[in-house]
Number of protein chains: 2
Amino acid sequence: MRPKPEYSPDVSELAQIAKAMSHPVRIYILKKLSQMQSCCYSGDLVLEVPVGRSALSQHLKELKFAGLIQGEIEPPYIKYCINRDNWNKAQKAFENLFDAPVTDLNAISCCSI
Amino acid sequence: MRPKPEYSPDVSELAQIAKAMSHPVRIYILKKLSQMQSCCYSGDLVLEVPVGRSALSQHLKELKFAGLIQGEIEPPYIKYCINRDNWNKAQKAFENLFDAPVTDLNAISCCSI
DNA sequence: TTTGTATTTCGCAAAATAACGAAATGTTTT
DNA sequence: AAAACATTTCGTTATTTTGCGAAATACAAA
């Protein structure tokens, strides 16, 4: 049996966020919502995106599940907004990946050159 | 037939990058490689990750296809490194999403409150 | 040339994702 | 209460993803 290392929490978390962002419809939604002070209705979104209402609903559900957006009932509509707290956390998670300081310490044990 | 809007290139691009990053093994690899000046062997990586060699190879292939890493033959090994050019582009793409200025212009036509 | 080492590709099975239309839910208006 | 509207859930189908072990490939050493 292979050792089976586990993923560290930050690795899993970032992968999960990336997964939520891994579809053009969902990126479109995030882009749109993040650029607006206020929020957006599913019925408006469906006109701008090449999927039907039920598929759009699924995408919204996924984004909600990932914590990146939140929906509030505003009869007779449902209003979707960026979840700013988690949005900022997601931003930091990516920054942490991309801005990580380059260290050569591990290179000794694992790398060539 | 519904109008079928297309995705703008930047939306598709970002979704594709996110997709390449949507698995913990691939995040692990990117994290590791990005923190090292030099590179890493598949054979070293396989010890740190809970998948077999063939699955790891697939993940590396996906990251390579997405342009985030590159492999160079260094007999008898293959050495993987971050593709710094595309890595920086990916970083900018995320920054562009997360740092987008909030504008209320569209809000008038699409939003409540 | 044969053997050994490192890695990838192939063939397959299981699971997850994506999309659709129909039906269901919940709310408001008539 | 019934009709209308916005949205979600359900049931289904097609496609993609993930992972494995076995086989193939590529190269170096013996």
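Amide H contacts under 5 Å for B:Asn83: B:Ile69, B:Gln70, restricted to partners 5 or more places along the chain or on a different chain, H placed in the peptide plane at 1.01 Å from N. For A:Lys79, the aspartates and glutamates whose Cα comes closer than 13 Å to its Cα, not counting residues fewer than 8 places off in the same chain, are A:Asp44. Across the copies of the chain, A:Val102 has label points (7 Å from Cα along Cα→Cβ) spaced 3.6 nm apart, shortest distance listed first.
Note that the protein assembly as shown shows a convex hull volume over its alpha carbon atoms of 147 Å³ per residue.
Leaving ligands and nucleic acids aside, the A/B contact buries around 5100 square angstrom of accessible area in total at a 1.4 Å probe radius. For the pair B:Ala100 and A:Ile78, label points projected 7 Å from Cα toward Cβ lie 2.2 nm apart.
Distances from B:Asn86 to itself in the other copies, using label points 7 Å out along the Cα-Cβ axis, amount to 3.0 nm in increasing order.
Per residue, segment B:25-99 exposes an accessible area of 48 Å² to a 1.4 Å probe, with every protein chain left in place. Computed across chain B, the Kirkwood hydrodynamic radius from all distinct Cα-Cα pairs reaches 16.3 Å. For a quick check, take a GNM of chain A with Cα springs below 10 Å and name the residue from A:Ala90, A:Ala66, A:Ala100 with the largest mean-square fluctuation. Of A:Ala90, A:Ala66, A:Ala100, the Gaussian network model singles out A:Ala100 as fluctuating most. Size descriptors for segment A:36-92, from the alpha-carbon set: Rg then Dmax equal 11.6, 35 Å. At most 15 other Cβ atoms within 10 Å plus a DSSP loop assignment makes a site exposed; report the longest stretch of chain B without any exposed GluC sites (Glu not before Pro). Value returned for the longest uninterrupted segment is B:49-113. Among the chymotrypsin sites (Phe, Trp or Tyr not before Pro) in segment B:1-67, none is located in a DSSP loop while being surrounded by at most 10 other Cβ atoms within 10 Å of its own Cβ.
In chain B, the longest principal axis of the Cα atoms and the axis of helix B:9-20 are about 40 degrees apart.
Label-point distances for A:Glu72 to the equivalent site in the other copies, using a point 7 angstrom along Cα→C-beta, read 5.4 nm when ranked shortest first. Residue pairs exceeding 24 angstrom between C-alpha atoms, taken from A:Lys32/B:Lys31; A:Lys31/A:Lys61; A:Lys64/B:Lys89: A:Lys32/B:Lys31; A:Lys64/B:Lys89.
The values are calculated or read from the model by the stated rules, or taken from the named source; none is laboratory data. If you're wondering where the values come from, they're calculated on a predicted model, not measured in any experiment. Ideal geometry is used to build each Cβ from the backbone, glycine not excepted, and the neighbour counts take in all protein chains shown. Just so you know, the surface numbers come from the protein's heavy atoms only, side chains and all, with ligands and any DNA or RNA stripped out. Shrake-Rupley method; radii C 1.70, N 1.55, O 1.52, S 1.80 Å.
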